[in-house]
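Structure first, then comments.
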Amino acid sequence: MKHPIFTGSAVAIITPFKDGGVDFDTLRDLLDFQLENRTDAVVVCGTTGEASTMTYQERADTIAFCVRHVGGRVPVIAGSGSNSTENAVTLSREAERQGADALLVVTPYYNKATQAGLLRHYRTIAGAVSLPIILYNVPSRTGVSIAPETYAALAETSNIAGVKEASGNLGNIQRTRVLCPEDFSIWSGNDDETVPICALGGKGVISVAANILPAEMHRLTQLCLKNDFAAAGKLQVHLKELCDAMFCEVNPIPVKTALGLLGWRVGELRSPMCPPSPENLERIKAVLAKYGLPVS
């Protein structure tokens, strides 16, 4: 029987940069902010963390720093995906060596692998490490989606624990729940779908919005896990405008901009990411104000 790596809200934490490198002082403060607000897990070096523009050494150092600072208080899940199976194995082994509790492995982007190719890719990575693996299905960014039947086949692998589902296809998520064993966990990969996915048996969310409102995302998932979907639905609707604003441009442009407006020293967005348009900057400012967050 597989146990969920976490239940609740995991923050897909941003990576602060300074002078061309990672700003570990600010990262420490961001981690403390998350832990003080009851975040249930930390996902480091994911999409929101701009891992695709970080060197392998930066990724290893950032994972190691998070593991040390969190100190076992919550799970640290390291992004280790790549469009090359060999590179994903290298990144996964390094994350394991640095002490991560689990891995988040995105589907191989650009290549547009077949379902047979996805099976081969993930089984190879799983066979190279002992850590539990969360699959990450985000076809809007990768150009490929994992089919429910492929989930069912991958669920037979002992250290494939579940999936972060960001396809937006609730029908496929229902079919995944039908085909897969109960111990194959599903986490929402879209903040605004947390409640419906939890209603289908999901274990929580891997959240962008939690960078801004960690306590609220924790509360949202706790309501779901307690089966209080009436209250959870109201909170989900309340958070909808913020969730939408955090995707008014490609992630992580809005959330990193928002943190900067709130006084966090997050540093630059690494190219090809760039600051938001003037119109979207005003939208981000307005939504922060609407939620009572002090813009500096």
Quick calc, the stretch 178-296, dipole around Cα centre from Cβ unit charges on Lys, Arg (+) and Asp, Glu (-), nearest 20 debye, gives 340
Please list 169-176, 46-53 highest first by mean number of surrounding beta-carbon atoms within 10 Å per residue.
46-53, 169-176
The stretch 116-174 and the stretch 79-100 have their Cα centres apart by a whole-number Å value of 15
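Arrange the peptides 263-276, 63-76 so that the one whose residues have, on average, the most other Cβ atoms within 10 Å appears first.
With the highest mean Cβ count within 10 Å placed first, the list reads 63-76, 263-276.
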Along its principal axes, what span do the Cα atoms of the stretch 172-266 show, with the longest given first and each in whole Å?
44, 25, 19
log₁₀ I(q)/I(0) of the stretch 1-154 at q = 0.12, 0.14 Å⁻¹, via Debye over equal Cα point scatterers, no solvent, to two decimals?
-0.49, -0.66
Could you tell me what percent of the accessible area of the chain is made up of carbon and sulfur, with a 1.4 Å probe and every protein chain present?
52
The local net charge around Cys45, scoring Lys/Arg +1 and Asp/Glu -1 for residues other than Cys45 whose Cβ lies under 12 Å from its Cβ, equals -3
Residue-normalised accessible area of the chain, given per residue in Å² at a 1.4 Å probe
41
Between Asp183 and Met1, the two model label points (7 Å from Cα along the beta-carbon direction) sit apart by a distance in nm of 0.8
Around Thr257 (Cβ within 12 Å, Cβ-to-Cβ, excluding Thr257; K/R +1, D/E -1) the net charge comes to 0
Relative contact order for the chain: what is it in percent, counting Cα pairs under 8 Å that are at least 6 residues apart?
19
The local net charge around Glu94, scoring Lys/Arg +1 and Asp/Glu -1 for residues other than Glu94 whose Cβ lies under 11 Å from its Cβ, equals +1
For the stretch 1-65, what is the convex hull volume of its Cα atoms per residue in Å³?
99
Net charge dipole size for the chain [Lys, Arg +1 and Asp, Glu -1 on Cβ; Debye, nearest 20]
320
Assuming a viscosity of 1.567 mPa s and a temperature of 4 °C, what translational diffusion coefficient in µm² per second does Stokes-Einstein assign to the stretch 187-241, Rh being the Kirkwood radius over Cα pairs?
123
Tail fraction, Cα-Cα pairs, the stretch 117-245, threshold 20 Å, whole percent:
45
Bin by bin, in steps of 10 Å, what percent of the Cα pairs in the chain do you find, going until the bin that has the longest distance?
7, 30, 38, 22, 4, 0
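The values are calculated or read from the model by the stated rules, or taken from the named source; none is laboratory data. All values reported here derive from a predicted model rather than from experimental measurement. Ideal geometry is used to build each Cβ from the backbone, glycine not excepted, and the neighbour counts take in all protein chains shown. Only protein heavy atoms, including side chains, enter the accessible area calculation; ligands, DNA and RNA are left aside. Shrake-Rupley method; radii C 1.70, N 1.55, O 1.52, S 1.80 Å.
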